[in-house]
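Let me begin by presenting the structure, written as structure tokens, before commenting on it.
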């Protein structure tokens, strides 16, 4: 059984993979092995990003269901070689970035133009 290095109920970092809970409707999880993640970009959420509870407004970035998102101001965009990029908003973005970097994932900070 994998041990959790981080778990806030919506985002889980195990010793093997990143698990995004409530990614698929109605309650499915997305699992990404660290080896499948090419890059992670830390972003500042804009007004619309904070108030989007689930889904996408641009059909590129996909946000899992998170009713706590309006109280958050940053997120992590996961680049895993697919057109759709998961955008997660963990309770402790710094901790998740540190765990991902510890597993060899490149983590950068950016403000993508027009992103939320």
- Going through region 50-85 in order, the residues found to be under 15 Å from residue 8 (Cβ atoms) and out of contact with any strand residue (DSSP E or B) (no Cβ under 8 Å at 6 or more places or on another chain) are 67, 68, 71, 72
- Query: Among the candidates 82, 93, 98, 89, which residue alone is without any contact (Cβ under 8 Å) to a residue 24 or more places away in the chain and surrounded by 14 or more Cβ atoms within 10 Å (Cβ to Cβ)?
  - Reply: 98
- Message: I want to confirm something. Restricting to region 86-105 and keeping residues that are under 14 Å from the mean Cα position of the chain (by Cα) and in a loop (DSSP other than H, G, I, E, B), which single residue is farthest from residue 11 (Cα to Cα)?
- Response: 105
- Residue match in region 46-56 (condition: under 27 Å from residue 104 (Cβ atoms), touching a helix residue (DSSP H, G or I) at 6+ places or on another chain (Cβ under 8 Å) and in contact (Cβ under 8 Å) with a residue 12 or more places away in the chain): no
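Where a number appears in this text, it was derived from the coordinates with a stated rule and is not lab data. Please read these numbers as outputs of a predicted model, since none were measured by experiment. Cβ atoms come from the backbone with ideal geometry, glycine included; neighbour counts cover every protein chain shown.
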